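In what follows, a single structure is set out as structure tokens and then discussed.
The values are calculated or read from the model by the stated rules, or taken from the named source; none is laboratory data. What you see is a predicted model, and the numbers here were worked out from it, not measured in a lab. Positions of Cβ are backbone-derived with ideal geometry, glycine not excepted, and every protein chain shown enters the neighbour counts.
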Amino acid sequence: MKTNLWLFAACICSFAAVTGCDDDDSSGFAPNELVSQAFSARYPNARAVKWENKAPYQVADFQYDNKKTEAWFDPDGEWMMTETDLPSVADLPVPVRESFEAGPYASWRIDDIDRLERTGMGVLYVIEVEKGNKEMDLRYAESGELIGAFPDTDNDEGYRPVIVPEEISTFIAEKYPDAVIMEVEPVKAGGYEIDILDGNTPKEVRLDHAYAWIQTEWDIPYAQLPTSVKTAVAALYGAYTPDEDADMIDTPAGIRYSVELEQGNIEKKVLFDEAGNELPS
């Protein structure tokens, strides 16, 4: 359950010792009344509830539907995130399970499975797998699409709530009205990467620090490339074998296509415009 998600400004709050759930813990921390009421309304059948102060959030660890669950609330009682530990692959939605079993990581050992629900974002299923000294986090939409596969660095403290800036929500709603935001991450050089599910297509949107659109990228089968691009690849790189998938890149300057090529131990990536002209990559 690792990722580099961030949260915006936080202030440390003091909380009143009020709770409305049975089996609460005796650690000395209890949620304030707003959080207690919101939690009871959202999880009326919660058992073995224990509370933690993870400023600025109040976090409940509990059993729900016989699963280990963790829910995060802000001090005003607004629900922010729920992370549910799924005991086995059988607990995954059928589309997610089938997608995983048909994918390249099906033979890897499963270390952990989680369902991640966050306010303003789509539900993610995260499958942590390992093989030898390699570990990967596989993130799936509820409908089975693989949103991303990322090396598990094992150097953070797990998921925390994500506050999606209003500028990002507005941009996505206007440009991709059928899309759901799945992930939002800052880029070290400045700006944001937003993973969305646009219908059935996972896409990665890039915005700069001022929320101006840079590009949107997604996978397409090589066979679906424009004829002009495939003709250019054959003419310029006939000795190479193209990968079965290519990247379609939508930019303010127009559509671009990125193609990966292989010849023996040599690999290269080339970029073309819609007319088949090779561009600097």
Query - Filter result for the condition that a residue is surrounded by 16 or more Cβ atoms within 10 Å (Cβ to Cβ), over 14 Å from the mean Cα position of the chain (by Cα) and at pLDDT 95 or above, over Tyr125, Tyr140, Tyr192, Tyr176 - result: Tyr176
Report task. State the number of residues belonging to the stretch 87-106 that are within 20 Å of Lys67 (Cβ to Cβ), among the hydrophobic types (A, V, I, L, M, F, W, C) and over 17 Å from the mean Cα position of the chain (by Cα). Result -> 3
